[in-house]
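A quick write-up on the structure given underneath.
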Amino acid sequence: MAGATLIRQNMLRQRTIQRSISTKGVGLHSGRRVDITLRPAAPDTGIVFHRVDLPEVVDLPAQANQVGDTRMASVLQQGNVRVSTVEHLMSALAGLGIDNLHIDLTAEEVPIMDGSAGTFVYLLRSAGLQEQAAPKKFLRVLKTVEVREGEGDALKWARLEPYDGYAFSFSIDFHHPAIDSTANFAEVDFATDSYVKTIARARTFGFASEVEALRAAGLARGGSLDNAIVMDEYRVLNSDGLRYEDEFVKHKILDAIGDLYLIGKPLVARYVACKSGHALNNKLARELLARQDAWEIVSYESAATAPKAFGQEWKFA
Ligand SMILES: [Zn+2]
């Protein structure tokens with residue numbers, strides 16, 4: 001059969017969703033109301049955002065080299081057209097192993113929902129996951145790639161290193177009593193840890209003292225205690241406290257998973273970072289893609305030969 005992709009029975013396959021599903025919400029930064037529709041997409045489409053509110057629909061593929069603004073969020077940009085705050089939805093898509101999806105938006109920002117990836121996981125599972133007749137392609141890291149910023153106390157860094165699986169180590173240091181009283185370091189390995197259970201529900205966080213300045217800069221206008229952990233100088237203001245003991249550092253891992261999924265394929269690698277954020281994560285993604293000797297594209301003949309994180313039980317999900 002000319003042109004047809006041969007797929008052997010047990011190969012790890014690409015995924016989309018079974019049917020379209022919609023919801024609405026508000027943008028964390030813009031404060032604008034937005035409708036979002038997730039639609040199944042053909043094999044090898046990747047994740048593509050569509051601004052359907054414009055006179056002509058603009059398509060924005062979820063790719064690291066399309067990221068413009070990284071202040072407080074990862075923003076896809078094409079000319080003047082933006083899709084802001086893609087990281088939590090991208091994280092949920094990575095966590096559920098979804099390769100192909102169309103995402104229609106009626107405004108410039110993905111809704112913040114509850115501030116975590118939990119609502120998106122629920123939505124995607126409600127739509128049902130669909131395996132497709134095409135081998136799943138992974139990007140396997142062969143050489144360590146590292147990016148750094150700042151010096152001394154202000155040093156931040158992030159790196160990807162070869163690893164036969166998918167794992168994260170993250171250190172934070174906010175010099176804030178409410179955060180310092182929780183773990184400043186977390187490590188997850190999706191060979192044994194479940195994304196949905198250990199990461200997906202960690203919420204974004206912010207400081208009440210910064211709200212005014214952020215709003216003046218056009219940021220955090222939709223932020224509230226319903227979609228973020230908010231702290232004053234000393235403590236968490238949300239009446240029901242934290243969802244995980246180490247929710248802050250877990251959210252940084254959630255963000256990193258979403259930012260790295262803009263590489264376009266699931267990674268086979270270990271990510272290690274200290275005080276990284278959207279800007280540095282994007283720099284790391286671009287640096288990796290530019291270093292073509294540092295990675296290769298692989299598929300797996302069966303769950304038995306794939307790294308545990310992506311194998312039979314799909315621990316990552
Ligand atoms: Zn986040």
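The values are calculated or read from the model by the stated rules, or taken from the named source; none is laboratory data. Remember, it's a predicted structure, so these values are computed and weren't measured experimentally. Note that each Cβ is placed from the backbone with ideal geometry, even for glycine, and that neighbours are counted across all protein chains shown. Surface accessibility is based on the protein's heavy atoms, side chains included, excluding ligands, DNA and RNA. Shrake-Rupley method; radii C 1.70, N 1.55, O 1.52, S 1.80 Å.
Which condition does Leu280 not pass, out of (1) open to solvent by less than 20 Å² (accessible area, probe 1.4 Å); (2) more than 23 Å from Phe120 (Cβ to Cβ); (3) touching a Leu at 6+ places or on another chain (Cβ under 8 Å), if it passes all the others?
Unmet for Leu280, out of (1) open to solvent by less than 20 Å² (accessible area, probe 1.4 Å); (2) more than 23 Å from Phe120 (Cβ to Cβ); (3) touching a Leu at 6+ places or on another chain (Cβ under 8 Å): (3).
Do we find a residue being in a helix (DSSP H, G or I), within 16 Å of the ligand (Cβ to nearest atom) and touching a residue at least 12 places away in the same chain (Cβ under 8 Å) anywhere in region 286-300?
No: region 286-300 contains no residue that is in a helix (DSSP H, G or I), within 16 Å of the ligand (Cβ to nearest atom) and touching a residue at least 12 places away in the same chain (Cβ under 8 Å).
Which of the residues belonging to region 249-266 are among the charged types (D, E, K, R) and either open to solvent by 10 Å² or more (accessible area, probe 1.4 Å) or not assigned by TED's automatic domain parsing to the domain that holds Gly150 (or both)?
Scanning region 249-266 gives Lys250, Lys252, Asp255, Lys265.
Run Ala269 past the list (1) away from the ligand (no atom under 16 Å from the Cβ); (2) open to solvent by 20 Å² or more (accessible area, probe 1.4 Å) and report the number of the one that doesn't hold.
Of the numbered conditions (1) away from the ligand (no atom under 16 Å from the Cβ); (2) open to solvent by 20 Å² or more (accessible area, probe 1.4 Å), the odd one out for Ala269 is (2).
Listed residues Gly95, Gly128; which is of a type in the set (Gly, Ala, Ser), outside the structural domain of Lys283 (by TED's automatic domain parsing) and either under 22 Å from Asn281 (Cβ atoms) or free of Cβ contacts under 8 Å to residues at least 60 places away in the same chain (or both)?
Selected residue: Gly95, the only one of Gly95, Gly128 that is of a type in the set (Gly, Ala, Ser), outside the structural domain of Lys283 (by TED's automatic domain parsing) and either under 22 Å from Asn281 (Cβ atoms) or free of Cβ contacts under 8 Å to residues at least 60 places away in the same chain (or both).
Out of everything in region 30-51 that is at pLDDT 95 or above and of a type in the set (S, T, N, Q), what residue ends up being farthest from Ser20 (Cα to Cα)?
Result: Thr45.
Taking region 164-218, which residues are acidic (Asp, Glu), more than 16 Å from the ligand (Cβ to nearest atom) and open to solvent by 50 Å² or more (accessible area, probe 1.4 Å)?
Within region 164-218, Asp164, Asp173, Asp180, Glu187, Glu212 meet the criteria.
Just to check your reading of the model, which residue among Val83, Val34 is part of a strand (DSSP E or B), closer than 24 Å to Leu280 by Cα, of a type in the set (A, V, I, L, M) and not assigned by TED's automatic domain parsing to the domain that holds Lys283?
Sole residue among the options that is part of a strand (DSSP E or B), closer than 24 Å to Leu280 by Cα, of a type in the set (A, V, I, L, M) and not assigned by TED's automatic domain parsing to the domain that holds Lys283: Val83.
Of the numbered conditions (1) open to solvent by 10 Å² or more (accessible area, probe 1.4 Å); (2) within 16 Å of the ligand (Cβ to nearest atom); (3) of a type outside the set (Lys, Arg), Asp99 satisfies every one except a single condition; which is it?
Checking Asp99 against (1) open to solvent by 10 Å² or more (accessible area, probe 1.4 Å); (2) within 16 Å of the ligand (Cβ to nearest atom); (3) of a type outside the set (Lys, Arg), the one that fails is (2).
Give the residue that is farthest from the ligand (Cβ to nearest atom), with candidates limited to residues of region 108-118 that are in contact with a Gly (Cβ under 8 Å, 6 or more places away or on another chain) and open to solvent by 10 Å² or more (accessible area, probe 1.4 Å).
Ranking the candidates gives Glu108 first.
Among the candidates Gly241, Gly264, which residue alone is within 28 Å of Arg203 (Cα to Cα), small (Gly, Ala, Ser), away from the ligand (no atom under 14 Å from the Cβ) and in contact with a Gly (Cβ under 8 Å, 6 or more places away or on another chain)?
From the options Gly241, Gly264, the qualifying one is Gly264.
Within region 199-222, can you find the residues that are in a loop (DSSP other than H, G, I, E, B), within 22 Å of Ala256 (Cβ to Cβ) and in contact with a helix residue (DSSP H, G or I) (Cβ under 7 Å, 6 or more places away or on another chain)?
Result: Ile199, Ala200, Arg201, Ala202, Arg203, Thr204, Ala220.
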